[in-house]
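Bear in mind these aren't lab numbers, they're just calculated from the coordinates by the rules spelled out. As the structure is a prediction and not an experimental result, all values here were calculated from the model. No Cβ is skipped: glycine too gets one built from the backbone with ideal geometry, and neighbour counts run over all protein chains shown.
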């Protein structure tokens, strides 16, 4: 599980375009999961703790470095969302994905 969490391949332009196209749907699924009572509180705390960690003084100092400042936000957000989805019950995630896909 840990290995799959950190596996990363650089996406091509076509993959980035597809990912950008699905961002509004992903945001809706994330919003629905955050407001679902079947999702444990621990899972809901993960994104909030990632934001708090990024607002600490050492993380804010990294923002002054041009490329590293943006990368730390992206990496922390990516890992926090992966862990959030991993902690959510799979049937609840499937249900919300299906509801958002239907419109």
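Brief remarks follow.
- Each residue in the range 88-103 was checked for being in a helix (DSSP H, G or I) and surrounded by 15 or more Cβ atoms within 10 Å (Cβ to Cβ), and 6 of them qualify.
- Restricting attention to the range 36-60 and to residues that are assigned to a loop (DSSP other than H, G, I, E, B) and in contact with a helix residue (DSSP H, G or I) (Cβ under 9 Å, 6 or more places away or on another chain), the residue that is farthest from residue 70 (Cα to Cα) turns out to be 38.
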